[in-house]
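*Asks:* Encoded as structure tokens, here's the structure I'll be asking about.
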Amino acid sequence: MIDNMTEEGLSDVINSVSIIYRSTPRHKMKVIKALQANGLTVAMTGDGVNDAVALKCADIGIAMGKGTDVCKEAAEMVLANDDMTAVLEAVQEGKNIFLNIKNFVRFQLSTSVSALMMIALTTFWNIPSPLNPMQILWINIIMDGPPAQSLGVEPMDSSSVRSPPRSPKKQVVDLGMLVRVCLSASVIITGTLWVYKNEMVDGQVTARDTTMTFTCFIFFDMFNALSCRSLTKSVLQINLLGNTTFLIAISASILALFGLIYVPFLQAIFQTEALNFEDICMLAALGSSVLLADECCKLFIRNFADSDRNIKDCNSDGSSEKLLP
């Protein structure tokens, strides 16, 4: 039956087909091209010489460990123990790595853009810099490094395997990420400059002014890292204790911040002064606003995804499965 079908005709019905039997290498090629024509990512398994062309044509060629050398050369993946469950584990791990890279990049971009724009705005408005050089170095090297690295080892999300394959052409930094980076950076810049302006009442920059601004930015940074642990899930939906490395990085960053504020030796180096308990609570509450803003963004994304999924389910209710010989 496949021999008598055109590629266009096969593409129209292939999505509703479950089983194809007595297929030849030419049939496999036509099926792969038909699925790819519908925008699907195709994985092909094989073990013989006659499967080599189809393995090369598929998006992901999977060769059996006991297969021929020609088959293994044509494939992107080789199952050494011929265990198909390894494919699922590889897919899960690949998706997790990609998501962790996006989380890492989103955190680094939002923090770097915030610091850069804050310095640029104060320079443009011809007002003193809210941070001194030592504080800027501390933010870029110490405060950003460990939290960002810990996002790269976020544990695998079991729900990620159920998501459809991403397009190979999809970039790590896409429009959606840039919008969220700008949103987070806007909140951080606005809150930090508000604290700086509120403290600098006499037009002179004091140690308290820079300390309040520096501490505010660090709290924004920590809450931003927390929001970057997942692209779509709320912090109430993820396992807060699941990433031990992240907890250690955040705890160490906060302790280091308190050391800069309250240890006299470090106060002299970073030009800071001690803050009272009310100041710390106020700055922590203000810093959490970046988390709240991202939670609203995630809520919108989840609702939009659910609506789109419901539409697709309604459109596919009338489909029926067919069997191609």
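*Asks:* Where residues in the stretch 268-285 are open to solvent by 40 Å² or more (accessible area, probe 1.4 Å) and part of a helix (DSSP H, G or I), which of them is farthest from S230 (Cα to Cα)?
*Replies:* Initial filter on the stretch 268-285 (open to solvent by 40 Å² or more (accessible area, probe 1.4 Å)): 268-269, 271, 273-274, 276-278, 281-282, 285.
Right, trim to part of a helix (DSSP H, G or I) and you get 268-269, 277-278, 281-282, 285.
Details: A268: 38, I269: 36, F277: 31, E278: 31, C281: 26, M282: 26, A285: 21 Å.
For the stretch 268-285, the residue satisfying everything is A268.
*Asks:* Could you tell me whether the stretch 229-252 includes any residue that is out of contact with any helix residue (DSSP H, G or I) (no Cβ under 7 Å at 6 or more places or on another chain), at pLDDT below 90 and in a helix (DSSP H, G or I)?
*Replies:* The answer is no; no qualifying residue exists.
*Asks:* Any residue at all in the stretch 219-232 that's open to solvent by less than 50 Å² (accessible area, probe 1.4 Å) and more than 18 Å from the chain's Cα centre (by Cα)?
*Replies:* Scanning the stretch 219-232, I find at least one residue that is open to solvent by less than 50 Å² (accessible area, probe 1.4 Å) and more than 18 Å from the chain's Cα centre (by Cα), so the answer is yes.
*Asks:* Any residue in the stretch 230-258 that's within 21 Å of I280 (Cα to Cα) and of a type in the set (S, T, N, Q): show its pairings with residues that are modelled with pLDDT of 90 or more and open to solvent by 60 Å² or more (accessible area, probe 1.4 Å) at Cβ separation under 6 Å, as long as the two are six or more apart or on different chains.
*Replies:* That search, which allows pairs on different chains as well, returns nothing.
*Asks:* Here is a further query. Go through the stretch 102-122 residue by residue and tally those that are loosely packed, with under 14 Cβ neighbours inside 10 Å and touching a residue at least 24 places away in the same chain (Cβ under 8 Å).
*Replies:* Matching residues across the stretch 102-122 total 1.
*Asks:* Take I261 and tell me if it is open to solvent by less than 60 Å² (accessible area, probe 1.4 Å), at pLDDT below 90 and either in a helix (DSSP H, G or I) or over 30 Å from D12 (Cβ atoms) (or both). If you could, list the steps in order and put the result at the bottom.
*Replies:* Numbers: open to solvent by less than 60 Å² (accessible area, probe 1.4 Å): yes; at pLDDT below 90: no; either in a helix (DSSP H, G or I) or over 30 Å from D12 (Cβ atoms) (or both): yes.
No: the conditions fail for I261.
*Asks:* Does C297 qualify as being touching a Lys or Arg at 6+ places or on another chain (Cβ under 7 Å) and buried (at least 21 other Cβ atoms within 10 Å of the Cβ)? Before you say what the answer is, go through the steps one by one.
*Replies:* Values: touching a Lys or Arg at 6+ places or on another chain (Cβ under 7 Å): yes; buried (at least 21 other Cβ atoms within 10 Å of the Cβ): no.
Here the answer is no, as C297 does not meet what is asked.
*Asks:* Could you say whether any residue in the stretch 109-124 is part of a helix (DSSP H, G or I) and either over 30 Å from G203 (Cβ atoms) or among the charged types (D, E, K, R) (or both)?
*Replies:* In the first step, residues of the stretch 109-124 are kept if they are part of a helix (DSSP H, G or I); the result is 109-124.
With either over 30 Å from G203 (Cβ atoms) or among the charged types (D, E, K, R) (or both) added as a condition, the list becomes 109-110.
Yes.
*Asks:* So, in the stretch 24-53, how many residues would count as being over 33 Å from the mean Cα position of the chain (by Cα), over 25 Å from N81 (Cα atoms) and either open to solvent by 50 Å² or more (accessible area, probe 1.4 Å) or free of Cβ contacts under 8 Å to residues at least 12 places away in the same chain (or both)?
*Replies:* Looking only at that region, the number is 2.
*Asks:* Here's a follow-up. Run T122 past the list (1) closer than 28 Å to N239 by Cα; (2) among the β-branched types (V, I, T); (3) in contact with a Pro (Cβ under 9 Å, 6 or more places away or on another chain) and report the number of the one that doesn't hold.
*Replies:* Against the list (1) closer than 28 Å to N239 by Cα; (2) among the β-branched types (V, I, T); (3) in contact with a Pro (Cβ under 9 Å, 6 or more places away or on another chain), T122 comes up short only on (1).
*Asks:* Test each condition in (1) crowded, with 16+ Cβ neighbours inside 10 Å; (2) at pLDDT below 90; (3) touching a helix residue (DSSP H, G or I) at 6+ places or on another chain (Cβ under 6 Å) for I188 and report the one that comes out false.
*Replies:* Exception for I188: condition (2).
*Asks:* Now for a separate question. For the stretch 54-69, which positions are in contact (Cβ under 8 Å) with a residue 24 or more places away in the chain and buried (at least 22 other Cβ atoms within 10 Å of the Cβ)? Can you show your working first?
*Replies:* Going residue by residue through the stretch 54-69, those that are in contact (Cβ under 8 Å) with a residue 24 or more places away in the chain are 54, 57-59, 62.
The answer is A54, A58, I62.
*Asks:* Do the conditions hold for S163, that is, is it touching a residue at least 12 places away in the same chain (Cβ under 8 Å) and loosely packed, with under 15 Cβ neighbours inside 10 Å? Even if it seems obvious, please write down each step before you answer.
*Replies:* On the way: touching a residue at least 12 places away in the same chain (Cβ under 8 Å): yes; loosely packed, with under 15 Cβ neighbours inside 10 Å: yes.
Criteria met by S163.
*Asks:* To continue, here is another question. Could you please give the count of residues in the stretch 130-146 that are open to solvent by less than 40 Å² (accessible area, probe 1.4 Å), among the hydrophobic types (A, V, I, L, M, F, W, C) and part of a helix (DSSP H, G or I)? Step through it out loud before you land on a result.
*Replies:* Step one: of the stretch 130-146, the residues open to solvent by less than 40 Å² (accessible area, probe 1.4 Å) are 130-132, 135, 139, 143-145.
Going one step further and asking which of them are among the hydrophobic types (A, V, I, L, M, F, W, C), we end up with 131, 139, 143.
Then keep just the ones that are part of a helix (DSSP H, G or I); that gives 139, 143.
Residues flagged as open to solvent by less than 40 Å² (accessible area, probe 1.4 Å), among the hydrophobic types (A, V, I, L, M, F, W, C) and part of a helix (DSSP H, G or I) within the stretch 130-146 amount to 2.
*Asks:* Go through (1) assigned to a helix (DSSP H, G or I); (2) polar (S, T, N, Q); (3) more than 30 Å from K95 (Cβ to Cβ); (4) open to solvent by 50 Å² or more (accessible area, probe 1.4 Å) one by one and return the number of the condition Q149 breaks.
*Replies:* Looking at each condition in turn, Q149 falls short on (3).
*Asks:* Something else about it: Provide a single number: the residues in the stretch 162-190 that are outside any helix (DSSP H, G or I) and of a type outside the set (S, T, Y). It would help to see each step written out before you state the result.
*Replies:* First pass over the stretch 162-190, keeping only residues outside any helix (DSSP H, G or I): 163-174.
With of a type outside the set (S, T, Y) added as a condition, the list becomes 164-166, 168-174.
Selection size over the stretch 162-190: 10.
*Asks:* Just one of K72, K95 is outside any loop (DSSP other than H, G, I, E, B), surrounded by 15 or more Cβ atoms within 10 Å (Cβ to Cβ) and touching a helix residue (DSSP H, G or I) at 6+ places or on another chain (Cβ under 8 Å); which is it? Outline the logic, then answer.
*Replies:* Numbers: K72 fails: touching a helix residue (DSSP H, G or I) at 6+ places or on another chain (Cβ under 8 Å).
Unique residue meeting the criteria: K95.
*Asks:* Kindly indicate which of D202, D209 is under 16 Å from L286 (Cβ atoms) and either among the charged types (D, E, K, R) or not in a helix (DSSP H, G or I) (or both). Step through it out loud before you land on a result.
*Replies:* Details: D202 fails: under 16 Å from L286 (Cβ atoms).
One residue alone meets the criteria, D209.
The values are calculated or read from the model by the stated rules, or taken from the named source; none is laboratory data. Note that this is a predicted model, so its numbers are computed, not measured. All Cβ positions, even for glycine, are placed from backbone atoms using ideal geometry, and neighbour counts span all protein chains on display. Just so you know, the surface numbers come from the protein's heavy atoms only, side chains and all, with ligands and any DNA or RNA stripped out. Shrake-Rupley method; radii C 1.70, N 1.55, O 1.52, S 1.80 Å.
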